[in-house]
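Q: So that we are looking at the same thing, I have put the structure below in C-alpha cells.
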Amino acid sequence: MGNRSLRIIVALCLCFTLVLPMSALGAGTKDFSDIKGHWATTYINDLASYGYINGYPDGTFKPDRTMTKAEFTTALIGCLDITPSTPTKSTFKDTSSHWANKYIEEAVARGILIPSESPQGLGPDQNILRSQAAAMIVRALNIETSGGTSKFTDSDDVERSLYRDEIKAAYDAGIISGFPDGSFAPFREMTRAQVCTVLVKMLEIKDNTKSPVQPVTGSIKDLAIGDQLFSLSTNSLIFKSGFSEVPVTSLSVSNDVLTVNARYVYALDRTTGNPDVVIGNTRYAISRMVVNGDKLVVYPVSRYIYSLQLDSYKYNADYLKLYINGKDDGFYLADMTIVDEYTVEVQGKSYDLREDKVTIEVNKDFYDILRIQLFSGQTEPRLQQTDPVIFRGLSMSDISAIYVGRDTLNLDNIDTIYFFIDGQRYRMSDVTLDASGSISAGRNTYDADEVIVSINDWNYIIDEITMFKGKFVLDLKERQLIDWVLFNDSYRDYSDVTFVRGATEYDFDDVLVVDRDLVRIGGKNYDVHTENIRCRVDNKLWDIERIEWSNTLGMVKITAKESDDAFWFGQPDDYIFYDDRGRKIYQGVDDDVTIYLNRRWVTFDDVRITSPTTLTYSGRTYDLVGLRLSIEDDYYIIDETQWSSSGTLHIYLEDY
C-alpha cells in the first residue's frame, strides 16, 4: 500500500473518531488536556458526556480548530439520535464516495440540507459557516422563521446571507449568539468549541430540558443581588455586555480584580464598565460589583427580561420586537425596564400595563403583556394573544378601504401604489404599517404625515390610518400636482431643484431636458458640460455629471456632485430691514415679506441673493436697489444694501 493511500485511510479514521457518537465507538467521557480554562469547557464536556463528539487520539480536543460541513452534519444527526440508513443514491455530485455520505443523505431526507442551495456540490470538506450551521439547526428543530430586521452590527452581511431568516430564528431561540462587538459574522467559519456550544443549546430545546448546572468553581460561592442570595452551585450565572455573553464557570479574586473563567477580567468596586448580570431569565444592570468573603455582591439599578419561555421554546429578549400602543419605534423586549408588577419603562418613558397596550411579537404571533410576575431570579410576563399590530410587506389584501375626502377609491381599479418617504420610493411590499398608523421603511419609522402616497400616479397626503377588522383604512387628501425628479437616487419635488447658468438661476419649469446632458433654456439648447450649467438643491450648488429623461421612471434623472464654486455658496444667514431713519423694523424673511418682480409680487424667500446688490429669480437677474418691497402690507423701495461678515444682509428702505 502506498504512503498516499495510507494517509487517506488514517485521515478517514480520524474523521470518524472525532464526530461519530461515542456510544458507537465504545468510548466514555474524557478529560481533554487542552480545554482547561477555555470559554467553552462546559459545553465541550457536556457534548462529550452525552456521547456525541470525541477528541483526538493524543487526548486533546483542539477546541479552536475549524470543523467541516461533513463533520458538522454527522455530529448534528447524532445529536438527533438518528441512525442513518445506507443510501441508495447521492444527492450531491461530490459526496458519493465521501465517508459521511450516509449522514449527508439523512440530512437531505429530513430537510436539513437543501440540494438546491448547493447546485455545484455540497463541498463536504469545506469548513462549516456560522450561517450554514444556524440554518441546519433551525431546520432540524422545525423552528419557524419570522424574518424581521437584524439587530446585529453587521446586519448588512446578515441580510446578504441566504440564511438570514434562519440566523435570526436561531438567535431568538438562544441557540447561537453574536460576538462581543455586536456582530454575527455569518460567513465566518465555526470552531469545534463553537459547534459544541450550539449543539448543546440545540439539545436543550430538542429535549425541552436544561443541562445540569455546572457549579461555579473558585473562591466565590454565592451571588448577592440586592436582598436576594443565589448559590452558584445551583444557579447559572451569565455576564452580558451588549451582544456578548459569558456563561460563568469559575470566579476568582485577586488585587481588586474579578477573573471569570480564567480568561475575562473585571475591575471591582467601579461605577462604570460593569457588565449586566443574568440569573435565571432576569438581567440586571448594575452600578457596582464588590466581593464580601465568598460572596459576589452586585448593586442592581434596573431589571430586564433576559429570555422568554413560550410553547416549549425559549426566545432571546434581544430579538423579540416590542410595540407600545401599537407603534413600531424599533424597540425590543430587552429594552423594557421592569419597575413593578404593572409599570415598565422604555427609553425613560413610563407605561402602565393596565392602561397602555404593550405588545411583543413571537414568531409572527402577537401578545399583550398584562402584568409582570416578579420572582427570585425570574421575571415572568403574563401574556394574552392579541390581533397583529404590524403588517410587513403590505399588499392590497391588507387594505379594507381608501377614502379621498368623501370619495371612495375602487380598489379593483388600482394598478400601482408607491410610498414616497424621505426621498425614496417604496413599493407596498417594501413598507411596514403598524396599528398606530406609523409607516416603516428601511430601518426608520415615519409618521403618516411625512409620507406621500402615489396611487396610479396621483399623489395624496395621508390624513389618517385606522384599522377595521384586522385591515387598514386609509383616509387621504389630494396633494397639489407633483412632478418628481430623481436627484442622486433621491426622489424630489421638481420645485426643489433649480438650474444655474452663469449668474442666473432658472426654475425647473423653465428648463427642458432635450437629450442626455442637453437642456433647452429660453429657446436655446445647451450642453450642461460645455456651458457649465449646474443645479441648486438644498441650498447647495451641484455640478451636473449626467442629466436625462428616464422612460422607465417617467421623470428626469440627475446625477451630480457638490460644486466648489464659492460664488454660489449659501445665502444670507439672516435679513434685517431698516427704515429711512436707520431704525430696525423687521428681521428675517417669511410670507409677510414680498418683493415686486416682473409685474408680480413674490415671496422674498423664493429669490436667490447672488451678491450684496443683486438677486436672481425665474431666470432673470435684478439689481436690489430700486426694487419695491412689502413688509406686512407696508410698501417700501430698497435704497441700500450691505452684506456683513456675520452673514446678515442689511437692507435699508425708503417709504414708497
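The values are calculated or read from the model by the stated rules, or taken from the named source; none is laboratory data. Bear in mind that the values here come from a model prediction, so they are computed numbers and not experimental data. Here the Cβ positions follow ideal geometry from the backbone for every residue, glycine too, while neighbour counts run over all protein chains shown.
Q: When you scan the range 542-607 for strands (runs of 3 or more DSSP E) that lie fully inside it, which ones turn up with 2 or more residues that are assigned by TED's automatic domain parsing to the domain that holds LEU624 and closer than 30 Å to ARG520 by Cα?
A: 593-597, 600-603
Q: Tell me, yes or no, whether the range 362-381 has at least one residue that is over 30 Å from LEU229 (Cα atoms), part of a loop (DSSP other than H, G, I, E, B) and not hydrophobic (A, V, I, L, M, F, W, C).
A: Yes, there is a match, as at least one residue in the range 362-381 is over 30 Å from LEU229 (Cα atoms), part of a loop (DSSP other than H, G, I, E, B) and not hydrophobic (A, V, I, L, M, F, W, C).
Q: Condition first: farther than 21 Å from PHE243 by Cα and free of Cβ contacts under 8 Å to residues at least 40 places away in the same chain. Now tell me which residues in the range 272-298 satisfy that.
A: Within the range 272-298, VAL290, GLY293 meet the criteria.
Q: Can you tell me which residue within the range 325-358, out of those that are in a strand (DSSP E or B) and of a type in the set (Ser, Thr, Tyr), is modelled with the lowest pLDDT?
A: Step by step, filter the range 325-358, then rank; the result is TYR332.
Q: Of the residues in the range 627-656, how many are under 51 Å from the mean Cα position of the chain (by Cα), farther than 15 Å from GLN571 by Cβ and β-branched (Val, Ile, Thr)?
A: Count: 1.
Q: Which of the strands (runs of 3 or more DSSP E) found entirely inside the range 481-541 contain at least 3 residues meeting this: touching a residue at least 24 places away in the same chain (Cβ under 8 Å)?
A: So the answer is 484-487, 490-493, 498-501, 504-507, 534-537.
Q: Of all residues in the range 543-555 being touching a residue at least 24 places away in the same chain (Cβ under 8 Å) and closer than 21 Å to ARG608 by Cβ, which is surrounded by the most Cβ atoms within 10 Å (Cβ to Cβ)?
A: Only one residue fits best here, namely ILE547.
Q: Among the listed residues THR621, THR641, identify the single one that is under 22 Å from CYS535 (Cα atoms) and either among the β-branched types (Val, Ile, Thr) or in contact with a Leu (Cβ under 6 Å, 6 or more places away or on another chain) (or both).
A: That would be THR621, the only listed residue that is under 22 Å from CYS535 (Cα atoms) and either among the β-branched types (Val, Ile, Thr) or in contact with a Leu (Cβ under 6 Å, 6 or more places away or on another chain) (or both).
Q: If the requirement is being within 39 Å of the chain's Cα centre (by Cα), modelled with pLDDT of 90 or more and of a type outside the set (S, T, N, Q), which of these qualifies: ASP543, ASP580?
A: Exactly one residue qualifies, and that residue is ASP543.
Q: Sticking with this structure for a sec: Over 27 Å from TYR622 (Cβ atoms) and surrounded by 12 or more Cβ atoms within 10 Å (Cβ to Cβ): is that true of GLU531 in this structure?
A: Against the criterion (over 27 Å from TYR622 (Cβ atoms) and surrounded by 12 or more Cβ atoms within 10 Å (Cβ to Cβ)), GLU531 does not qualify.
Q: Among what's in the range 92-115 and is of a type in the set (Ser, Thr, Tyr) and surrounded by 18 or more Cβ atoms within 10 Å (Cβ to Cβ), pick the residue that is farthest from MET190 (Cα to Cα).
A: THR95
Q: With part of a loop (DSSP other than H, G, I, E, B), closer than 22 Å to GLU380 by Cα and outside the structural domain of LYS201 (by TED's automatic domain parsing) as the only criterion, which of THR234, THR272 stands out?
A: THR234 is the lone residue from the list that is part of a loop (DSSP other than H, G, I, E, B), closer than 22 Å to GLU380 by Cα and outside the structural domain of LYS201 (by TED's automatic domain parsing).
Q: What number of residues within the range 64-95 are part of a loop (DSSP other than H, G, I, E, B) and either outside the structural domain of HIS38 (by TED's automatic domain parsing) or within 14 Å of ARG192 (Cβ to Cβ) (or both)?
A: 3
Q: While we're looking at this one, here's another question. Restricting to the range 307-326, name every residue that is over 24 Å from GLU355 (Cα atoms) and without any contact (Cβ under 8 Å) to a residue 40 or more places away in the chain.
A: The answer is GLN309, ASP311.
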